[in-house]
1. Tell me which residues, restricted to the range 747-797, are without any contact (Cβ under 8 Å) to a residue 24 or more places away in the chain, open to solvent by less than 10 Å² (accessible area, probe 1.4 Å) and not in a strand (DSSP E or B).
2. For the range 264-281, give me each residue that is open to solvent by 20 Å² or more (accessible area, probe 1.4 Å) and either touching an Asp or Glu at 6+ places or on another chain (Cβ under 9 Å) or part of a helix (DSSP H, G or I) (or both).
3. Name the residues in the range 228-242 that are surrounded by fewer than 20 Cβ atoms within 10 Å (Cβ to Cβ), part of a helix (DSSP H, G or I) and of a type outside the set (A, V, I, L, M), would you?
4. So if I check each of L71, L61, L136, which one is free of Cβ contacts under 8 Å to residues at least 24 places away in the same chain and either closer than 30 Å to V176 by Cα or open to solvent by 20 Å² or more (accessible area, probe 1.4 Å) (or both)?
5. Residue pairs, Cβ under 8 Å, 6 or more apart or interchain, first in the range 164-185 and open to solvent by 10 Å² or more (accessible area, probe 1.4 Å), second more than 16 Å from the ligand (Cβ to nearest atom) and in a strand (DSSP E or B). List them.
6. Among (1) within 16 Å of the ligand (Cβ to nearest atom); (2) among the β-branched types (V, I, T); (3) under 27 Å from Q279 (Cα atoms); (4) touching a Lys or Arg at 6+ places or on another chain (Cβ under 8 Å), where does I169 come up short?
7. If we only count strands (runs of 3 or more DSSP E) wholly inside the range 436-532, which ones have 1 or more residues that are of a type in the set (V, I, T)?
8. Which one of these is under 26 Å from the mean Cα position of the chain (by Cα) and not acidic (D, E): P378, P404?
Amino acid sequence: MNKPVKSTCCYCGVGCGLLIETEGGQIVGVRGDPDHPANAGRLCTKGASLHLTARPDYRLLYPELRRQRHLPRQRVGWDEALTHAAERFAEIIAAHGPDSVAFYISGQLLTEDYYVFNKLAKGLIGTNNVDTNSRLCMSSAVAGYKQTLGADAPPCCYEDIALTDCLLIAGANPAVAHPIVFRRIEDARAANPDLRIIVIDPRRSETAEIADLHLPLKPGTDIALYMGLLHVLLAEKLVDRDYIAAHTEGFAALEESVAAYPPAVVAEICALAEAEIVQAARWFGKAAAALSLYCQGLNQSAHGTHNNAALIHLHLATGQIGRPGAGPFSLTGQPNAMGGREVGGLANLLSAHRDLANPEHRAEVARLWGVPSVPAQPGKAAVELFAALKRGEIKAVWIACTNPAQSLPDQNEVRAALQAADFVVLQEAYGNTDTAAYADLMLPATTWGEKEGTVTNSERCITHLTPAVARPGEARPDWEIVVDFARRLGARLEHPLTGQLFPYSGPEAIFNEHRESTRGRDLDITGISYALLDEAGPQQWPLPEGASSGRRRLYTDGVFPTPGGRARFVKLEHRPTAEATDAAHPIALLSGRLRDQWHGMSRTGTVARLFNLDDEPLLSLHPADLRQRDLASGDLVRVANPRGDVHVRVKADAGLVRGRAWLPMHWGSQFMNSAGVNALTLSTCDPFSQQPELKHAAVAVDKADLPWQLVILRKTGAGELAALRLLARARQLLPDFTFATVGLYGRDQPLVVFRAAHTEALPENRLLEIDALFGLGAEHAAIVYADQRRQISKRAVAPDGKLIGVRLAGETQAQSWLKEVMADEANDGDSGLDPALIRWAVAPIGRRPGKLPQRSRTVCNCADVSEAQIIADVGAGATLALLQEKRKCGTFCGSCLPQLRQIIASQAETAASAQPA
Ligand code: SF4
């Protein structure tokens with residue numbers, strides 16, 4: 001094993017540090033970096049399984065080009081690929097002007113990648129049409145900070161979680177979306193029994209379980225609630241008039257507006273109890289230090305900027321900012337959305353938090369880049385960018401490291417736009433995204449573990465990443481692809497400054513140029529270098545030249561980066577969701593995240609154990625809403641509105657208020673037969689941030705009349721590669737059914753799980769074709785059951801008594817039990833499953849043959865280790881240290897350690913009592 005390479009997790013914005021273990025040029029393991037300030041060695045399930053995603057086998061390895069839409073893409077060399085791209089872009093720009101092309105990039109790129117994309121668009125081509133998927137994630141947080149505090153700068157740090165005595169978590173579910181932040185919350189709760197935790201979320205989320213007070217507000221009523229809280233703070237004299245007078249402006253006007261939001265009125269608007277609103281305000285106002293954590297619930301709204309501003313008002317009015325344990329702290333969704341914001345990688349921003357609308361800022365950037373000017377006309381933000389693509393105003397789009405054919409709202413429109421484009425380039429590490437189907441040119445990019453550059457996490461902390469392994473195939477770093485393309489395009493456009501604009505030989509030169517652009521700005525990092533980051537570890541900005549360390553907290557002196565140095569109260573008022581429920585669409589659909597999946601699953605969807613908690617997208621509804629529709633958990637429904645429809649199974653969730661439903665956002669056309677939740681969401685955007693309302697849509701939910709069901713469970717043998725290949729083949733079946741999902745399940749020997757339902761039964765010959773596709777065909781002896789009259793046909797394949805696959809058609813009740821026992825490696829030895837049980841499973845459901853074997857419960861969720869595995873190891877003499885070494889259980893978040901110790905102790909007791917006296 002080589003010396004581990006320090007890196008960070010490439011999923012959420014917590015930015016956990018990790019150590020990448022390599023052997024023979026391959027990534028073979030990850031551990032939390034005990035020295036990284038974000039996580040001190042802890043990792044969540046996603047981070048802890050990153051090494052399982054680092055396989056070249058299913059990566060995009062070579063450039064692929066199709067010269068005509070109806071032809072398949074073919075492998076080409078880099079020279080041909082980039083020459084073709086430069087020619088197409090140059091032709092389009094020459095014919096239609098610079099604004100006829102656009103770049104749609106990603107918060108998962110490194111800061112250096114972002115910087116050169118921005119310079120390519122704004123400096124070389126002369127268009128501000130460069131936007132990013134951070135638009136869908138954090139742009140309302142950006143606009144909210146800028147409107148109130150004057151700059152896009154989260155004022156807090158993670159340490160504040162341990163120092164607060166009132167934690168308000170609003171529109172965020174860190175228990176699943178930012179798990180290592182949640183570990184800090186649990187620690188704070190354990191260390192301080194007086195800590196008050198308030199969770200504001202329309203759904204009783206996993207995070208709400210830890211709350212002292214959960215406010216399940218009506219979707220979209222955030223502004224009214226915060227105005228109501230401020231009303232109580234004013235009425236009970238809990239505001240800090242001295243702080244307001246010394247450090248803010250605009251309070252008098254806001255105070256007038258707040259008069260219209262007494263608790264009784266707010267309770268009515270928000271569908272909350274008046275007493276709970278008063279209670280929340282008192283806890284916040286009386287706290288020695290009050291901290292807010294917030295995320296997409298506030299941001300992904302048609303009034304997301306003012307949701308943010310209304311919450312920040314509470315901190316400004318009480319002076320709860322710029323002190324340990326206090327302040328408004330936005331949790332960043334993506335790993336480097338912050339870095340993208342720093343280099344101005346959005347259609348309305350410029351480098352180093354400069355504003356496009358400001359002529360002086362434009363002149364400064366032009367000077368820094370050595371170009372005559374940068375364009376003044378704002379570029380098109382994400383939703384408008386794709387609308388312009390559909391209208392034909394934008395003709396070519398270059399997409400990097402993101403998947404708009406899943407993640408943008410109103411997918412029918414987005415997919416039509418991609419179809420309408422003259423030229424689509426996709427720069428990606430993975431070829432398995434929905435956007436790939438529309439790409440004329442695919443460019444293979446390096447990814448996590450292979451790249452050098454910097455990332456900035458939620459607390460403004462910059463980490464330098466270095467590659468742990470060589471790039472696979474012909475993949476190239478994102479910055480290098482952009483620079484190569486820029487030079488070729490510049491030559492075609494006969495741009496006089498091409499050579500000067502992109503002189504870089506590596507990412508450090510790009511970082512140094514970006515660093516210089518921050519001099520004197522609020523995020524000044526002129527004191528940071530790659531060498532410093534390597535020697536002293538991650539650093540928070542600002543860290544200007546000459547400073548000995550970065551700043552933990554901002555605004556400690558009460559001076560804000562506004563023209564007058566004062567924070568601003570913004571005039572605002574309650575507005576409802578963009579779309580109201582009505583008689584035809586009576587359910588308020590909320591979208592959200594699961595613990596073990598990330599965004600569109602292009603990476604997490606390759607790891608079987610990450611499906612073990614949730615292996616299909618389930619629509620949660622209140623039990624009464626289910627009963628009203630004659631539904632039970634597990635039934636199929638059609639969720640629909642005028643934009644589209646989705647077929648999914650339902651589950652009862654008493655934590656939801658009646659009339660609300662919740663659907664995870666991760667599943668798209670790669671894992672189900674529709675675009676997922678974004679088939680239903682709408683493209684209405686916040687007027688300031690241009691962030692779309694991805695969190696809410698009005699829908700109808702009706703029982704789906706799909707009487708014929710099909711389930712296939714197929715175990716492919718050791719390792720995930722064979723399962724992934726089968727999963728890729730199974731995808732081609734998805735469009736054949738009204739409802740269909742495909743995924744993985746299990747641990748080291750995963751299952752492919754295919755579920756489908758349809759209005760009528762498939763004929764037997766089609767079933768035999770499907771059996772063959774899954775490797776369950778005539779080459780195997782099988783246990784079969786068929787009842788033509790009832791349209792039931794079942795087949796179990798168990799060579800050598802070992803069950804490797806089951807196809808249940810027409811009747812599928814044994815599927816859950818079969819899935820568990822097939823996934824349980826304890827059932828995988830020579831003994832296999834009792835043939836009588838297999839016969840029972842594929843026969844009509846009748847009396848169960850005695851006690852069925854069950855899958856052992858999972859003890860360590862992070863490493864996915866079962867109780868049976870632990871007991872077996874302990875029986876063979878394993879200690880806790882040996883278990884941690886062998887299974888990695890208890891080495892990530894640590895929450896299972898008490899259980900592990902208890903199992904070891906009870907096994908020791910059992911062993912002792914078995915000894916002869
Ligand atoms: Fe990665 Fe989990 Fe840390 Fe987020 S909390 S950065 S997903 S390990």
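The values are calculated or read from the model by the stated rules, or taken from the named source; none is laboratory data. What you are looking at is a predicted structure, and each value in this text was computed from that prediction instead of being measured. Here the Cβ is made from the backbone with ideal geometry for all residues, glycine too, and neighbour counts use every protein chain on show. When the accessible area is computed, the model is the full protein with side chains, heavy atoms only, and any ligands, DNA or RNA have been set aside. Shrake-Rupley method; radii C 1.70, N 1.55, O 1.52, S 1.80 Å.
1. G777
2. Within the range 264-281, A264, V265, E268, I269, E274, A275, E276, V278, Q279 qualify.
3. Result: R241, D242.
4. On the way: L61 fails: free of Cβ contacts under 8 Å to residues at least 24 places away in the same chain; L136 fails: free of Cβ contacts under 8 Å to residues at least 24 places away in the same chain.
Sole residue among the options that is free of Cβ contacts under 8 Å to residues at least 24 places away in the same chain and either closer than 30 Å to V176 by Cα or open to solvent by 20 Å² or more (accessible area, probe 1.4 Å) (or both): L71.
5. Listed pairs, sorted by first residue: D165/R196; D165/A290; G171/I200; G171/Y294.
6. All conditions pass for I169, except number (4).
7. Numbers: elements: 441-444, 453-456, 461-465.
In the range 436-532, the matching strands (runs of 3 or more DSSP E) lie at 453-456, 461-465.
8. Details: P378 fails: under 26 Å from the mean Cα position of the chain (by Cα).
Residue meeting the stated conditions: P404.
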